[in-house]
1. From the list A54, A17, A62, which residue is modelled with pLDDT of 90 or more and more than 35 Å from the chain's Cα centre (by Cα)?
2. Out of all the residues in the range 131-155, which are part of a loop (DSSP other than H, G, I, E, B) and surrounded by fewer than 18 Cβ atoms within 10 Å (Cβ to Cβ)?
3. For the range 251-263, enumerate the residues that are farther than 19 Å from A151 by Cβ and either part of a loop (DSSP other than H, G, I, E, B) or over 19 Å from the mean Cα position of the chain (by Cα) (or both).
4. For the range 189-242, which positions are of a type in the set (F, W, Y) and not in a helix (DSSP H, G or I)?
5. So which residues in the range 279-325 are polar (S, T, N, Q), over 18 Å from L221 (Cβ atoms) and in a loop (DSSP other than H, G, I, E, B)?
6. Please verify whether A209 is closer than 30 Å to F294 by Cβ and of a type in the set (A, V, I, L, M), treating the condition exactly as stated.
7. Going by the structure shown, is E115 modelled with pLDDT under 85, charged (D, E, K, R), more than 19 Å from V259 (Cβ to Cβ) and out of contact with any strand residue (DSSP E or B) (no Cβ under 7 Å at 6 or more places or on another chain)?
Amino acid sequence: MHQSLRPFAAAGVALTAAGAIAVAPAIAPTPPDIQVPRMATAQVGLTAETDVLARWVEVFNASSANATAVSQFLFEAPGTALQQAIVNQVGYLGDVLNDPGSIGDVFESMGDNLEKAFSWATMQGLPDDINDPGLVPVLALSNDASHTLIAALLPSFLPEGTPEIVTPLVHFLASPLSGVLIGFAGPLVSPGVAALNSIMAGDLLNLPANVVDGFFNGATLSLDVLLPAINGAGVLPEGTTFDKLGISFGGLLSPGATVNTVPVGEVVGEPGIGGSIFSSLDLAITTNALGFPFTLAAPGVPVGPIGALASLSQIVAGAIGWDGEGNPLSKLTFPQLETESDSDALTGSRTGARALVADAAPPAAAAETDSAAVDSTATGSESEQSAPEEAGQDEGGPVVNTSAGATDLSDGNKAEPGKAGTTSSRPSEKLRSAAKEFGGDVRSTVKKLRTGVRDTVKGLSGRGAKADAGSTAGSGATGGEGSDSSS
């Protein structure tokens, strides 16, 4: 290129480059609108906030409904067992004051009540046959319908050779006392279970609400991961498999559910509050125990400490005499002492009744009665004449009471009717008779209760059968030695 044209060429290249730079923004494509993703983010946040609030509303409504159910059941008859115990003690006091000789019967009745209350609280001593009318109504006190049916049918599901301890153990797990145990554990375990369920479901946004819901209303822990191991362990009867397994832990306000209320034996079908460890199991079992396959589904029923304690109190009250209606203390009546006029009226009525019976007797019977009266009068006069000489010498003879001596009660009250100071209905005589039997009655009652508790503990621990086998073997060995020595 000619030297004179180089400056103009350089200037043209520079202008072309500057023009390209200046024109480039005008012809470049329009960048995307950054407002679009910002609007989508805002909508997602609003939706999540709405779901969170809805979950909190559900938790509040569920807690309120459970609190209403528990409070209505509790306040209908608060402390029922204590109220009924007070009513019973006041009644026993009246019996003893008016008839001191009945103190033995009073202690026997108290022992029976304690034994029955222990049996209903632990569900021990129940029959094993589902056809027994005393089994299902008692199990229904602390279980819903499905769990009651499974607990009652369990002995028929067990294979031959199953230890006998299994049935009493299942009955204890179905008892209201076990419901108190799991009820107190529920508020401590349920929040953790609810948090775990939220993490496994990926619902982290509602995790705080689920934890609060678990504390007040409970949560269910799934144990389905154990199903293959349980079904393949070979411990279940042939044709029986678990389809679902879990544990429903109750919250502080969980009411639970039962199919029967006290008193036992009248109606099964009135729902109540309460539960047990067995009713908290979330089960689904398929079996052919009846000859054809069928599935028993028993959803877990969570129960809390308040509902479990209220249910146990009412069950114990029903065992010791509560009729299931209202507060027992509203029917309390304090005892009154019988007056002499009442006693005279009672004696007169009895005398009149005897006169009516004597008048209505046939002539032959009347003649025999008159001759017996003459003989008794003659015998009484002879005994009175010989009493100063034979008193205290013949132990087998009749005991005669005089104004200067007391009645000999060594062989029982032998006071003769019509003699002064020998009326067996007097409180002093009854009190002396009762004092001699009081110690024996108390020891008998305590021994009866101790034996019942010991037998129950042995049954649960499995030691009872071993002890019986050992005693049988020992007696056989002893008998053998005796026969050898005699020969």
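1. Details: A17 fails: modelled with pLDDT of 90 or more; A62 fails: more than 35 Å from the chain's Cα centre (by Cα).
The unique qualifying residue is A54.
2. First, the residues of the range 131-155 that are part of a loop (DSSP other than H, G, I, E, B): 131-135, 140-144.
Once the filter is applied, which keeps residues that are part of a loop (DSSP other than H, G, I, E, B) and surrounded by fewer than 18 Cβ atoms within 10 Å (Cβ to Cβ), the range 131-155 yields N131, D132, P133, G134.
3. Initially, the range 251-263 is screened for residues farther than 19 Å from A151 by Cβ, giving 251-255, 263.
Hits for the range 251-263 are G251, L252, L253, S254, P263.
4. Residues of the range 189-242 of a type in the set (F, W, Y): 215-216, 242.
Passing the criteria: only F242.
5. Let us first name the residues in the range 279-325 that are polar (S, T, N, Q), namely 279-280, 286-288, 295, 311, 313-314.
Add one more test, that the residue is over 18 Å from L221 (Cβ atoms), and what stays is 286-288, 295, 311, 313-314.
Across the range 279-325, the qualifying residue is only N288.
6. On the way: closer than 30 Å to F294 by Cβ: no; of a type in the set (A, V, I, L, M): yes.
So A209 fails the test.
7. Values: modelled with pLDDT under 85: no; charged (D, E, K, R): yes; more than 19 Å from V259 (Cβ to Cβ): yes; out of contact with any strand residue (DSSP E or B) (no Cβ under 7 Å at 6 or more places or on another chain): yes.
So E115 does not fit the description; no.
Per-residue answers, yes or no, for (1) in contact with a strand residue (DSSP E or B) (Cβ under 9 Å, 6 or more places away or on another chain); (2) basic (K, R); (3) within 30 Å of L290 (Cα to Cα):
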{"site": "N143", "(1), (2), (3)": "yes, no, yes"}
{"site": "E160", "(1), (2), (3)": "no, no, yes"}
{"site": "E164", "(1), (2), (3)": "no, no, yes"}
{"site": "T167", "(1), (2), (3)": "no, no, yes"}
{"site": "V189", "(1), (2), (3)": "yes, no, no"}
{"site": "N197", "(1), (2), (3)": "yes, no, no"}
{"site": "A201", "(1), (2), (3)": "no, no, no"}
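The values are calculated or read from the model by the stated rules, or taken from the named source; none is laboratory data. This one's a predicted model, so the numbers in the text were calculated from it and none came from an experiment. Note that each Cβ is placed from the backbone with ideal geometry, even for glycine, and that neighbours are counted across all protein chains shown.
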